Each structure stands twice: as structure tokens, then as C-alpha cells.
Amino acid sequence: MNRMVDRVLGRTSIVTGGASGIGAAIARGLAGEGANVVIADLDLHAGERVAADIIAAGGAAFASRVDVTERATVKNCIALAVERFGRLDVIFNNAGMNAPMGFLDITEENFELVMRVNALGVLIGTQEAARQFIAQGGGGKIVNTASIAGRTGFPNFAPYSASKAAVISLTQAAARAFAEHGITVNGFAPGVVATPLWTKLDADLARMGAADSGFDSMAADILLGRAAQPEDIVPTAVFLAAPDSDYITGQIIPIEGGMILV
């Protein structure tokens, strides 16, 4: 594998939702700088394909089937990572979903599903990674995928916006809780990113008759003139996993091309 910096050489990282989109790009980026990578995803076969690509390029990786809302599967993934690579150094709580509905149409089921995956999943991943870090003697990095939607609510994404606001608050709370153990907790907030999630959202919004709030419409507000690609997220993700960010904790870094200026 052609490495340029090796900032995370030998570090073991778990990436939830690592089988596609932003998660797959992060997994490949980490492996490209020498990390051991565990692709944790509900879609085990897709995760195995990402792992195979990394291995073929000279990296170290394997896939594990994980439902981030089921604590037992998260604990199992961490145990497998430690068994294979000796320790855990970084977890990316990246898995997430959206199911858009007009504000007056939001149901309890819709709200609970989105909050369970996006917020409870981050809580469980953070707790279980922190337990492992503490058992190893302290240190470690937790990186959460937030969103610009966590800073400004969108009417057709209200539960998603609420869930990502929860991710921001969980990041801050965990940073305070685990600082004494040398564990840093940070996140990043993407804007409009060309991923399979956005393809699905566009289709959902079109069925709702709300296509004017979809990918192209939102991308038009980006100051840098284009939507992000998953690879645009990778440099910040690697930075947050590397020693470069050791004196940063409790922060959310926006990666949105100047779309939301807050």
C-alpha cells in the first residue's frame, strides 16, 4: 500500500457503517496510513468487500457484522479487534440513517428508529470503546459522525436533525467524562456528501413531493461550489485518529464547504 505519512501506523480502528459511503472512505484512508481497520456494518458481505480491497492493497483489515443498536454485537466486534490486533486505539461511531418525513407526518416509530440508530448507537459505541480503553490502561480516541443538521434543523429531516444534535451533546459529555483517562472524544459534521444515503434521500423526498430540499438544492448553497465526495472527509478523520489531535477534545469539526456558517 502506497503510504505518504503513516500517522496512524499500527493503530487499530473500528469504523461502524464502514461498508459504504463515508465509512468505507475512512476505512480505506486509515489503512492507507498504516492502521489496522475493522469494518463494522450490518451488511457483512459489503464490509468484507471493503476489507478485501484494503488487504489487496497491502493493508490489514477484517469485517464484522455489527448492529450499533445491539450492545452485544458492538462488544463482540471490539473483542474480535483486540483478539486480532492486540488492542483498540480508535473507534469511529459513523453508522447512521435517515427516513425523511414532513414535520406534521413524523410518527413515534419514525422518530424512535432514527434516534435509536443515530444517537443510541453512538452512546453504545462510545461506552464500549471507553471501557476497552480504560481496561488497556487509558488513552484512545472516539470520533463521532455528526452533521450540519445537528446545528440547524431541516423540516423534512427533523428526527435526523435531533439525532445529530444528540451526537454533538454526547460528544461533549463523553469528552468531559473520559478526559481523566486520557481518552479524547471529537466529531466531524459533514454537509451534503455524494453517498448512497443521499441517493436514497433524494428518492424519498421526490416521493414526498419535496425534491426542492434534496441533494441538488442543498448543494447549491455550498460556498465552494460543489457537494463533498466521501474522500473529502478522510483527511479530517485521519487527523482525529492520529497523534496530531491529541490536544483536541469535545469538538465538532464542520466539513461542509461553507454551507452552514456557525
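Rule-based calculations on the coordinates, nothing more; no lab input. All values derive from a computational prediction rather than experimental measurement. Note that we place each Cβ from the backbone using ideal geometry, even for glycine, and neighbour counts take in every protein chain shown.
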request  = Just need the Rg to Rh number for the stretch 70-188, please, alpha carbons only, Kirkwood Rh.
outcome  = 1.03
remark   = Hull surface over four for the Cα convex hull of the stretch 25-129, reported in nm², is 7.2
task = Could you work out the Rg to Rh ratio of the stretch 107-262, with Rh taken as the Kirkwood radius (inverse of the mean 1/r over all Cα pairs)?
result = 1.00
task = Check the straight Cα-Cα distances from LYS141 and name the lysines below 19 Å, setting aside those fewer than 8 residues away within the same chain.
result = LYS75
request  = Pick out, from SER147, LEU120, LEU201, the residue whose Cα sits farthest towards the positive end of the charge dipole of the chain, with +1 on the Cβ of Lys and Arg and -1 on the Cβ of Asp and Glu.
outcome  = LEU120
key: Separation of alpha-carbon centers, the stretch 97-176 and the stretch 221-236, rounded to whole Å   = 21
remark   = Total charge of the residues flanking GLY257 in space, meaning their Cβ is under 13 Å from its Cβ, with Lys and Arg +1 and Asp and Glu -1, is -2
task = Mean Kyte-Doolittle of at least -1.0 plus a Cα span of 20 Å or more along the axis: flag which DSSP H helices in the chain meet both, please.
result = 71-85, 121-135, 158-178
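Explain nothing, just the number: dipole magnitude of the chain about its Cα centre with +1 on each Lys and Arg Cβ and -1 on each Asp and Glu Cβ, in debye rounded to the nearest 20.
620
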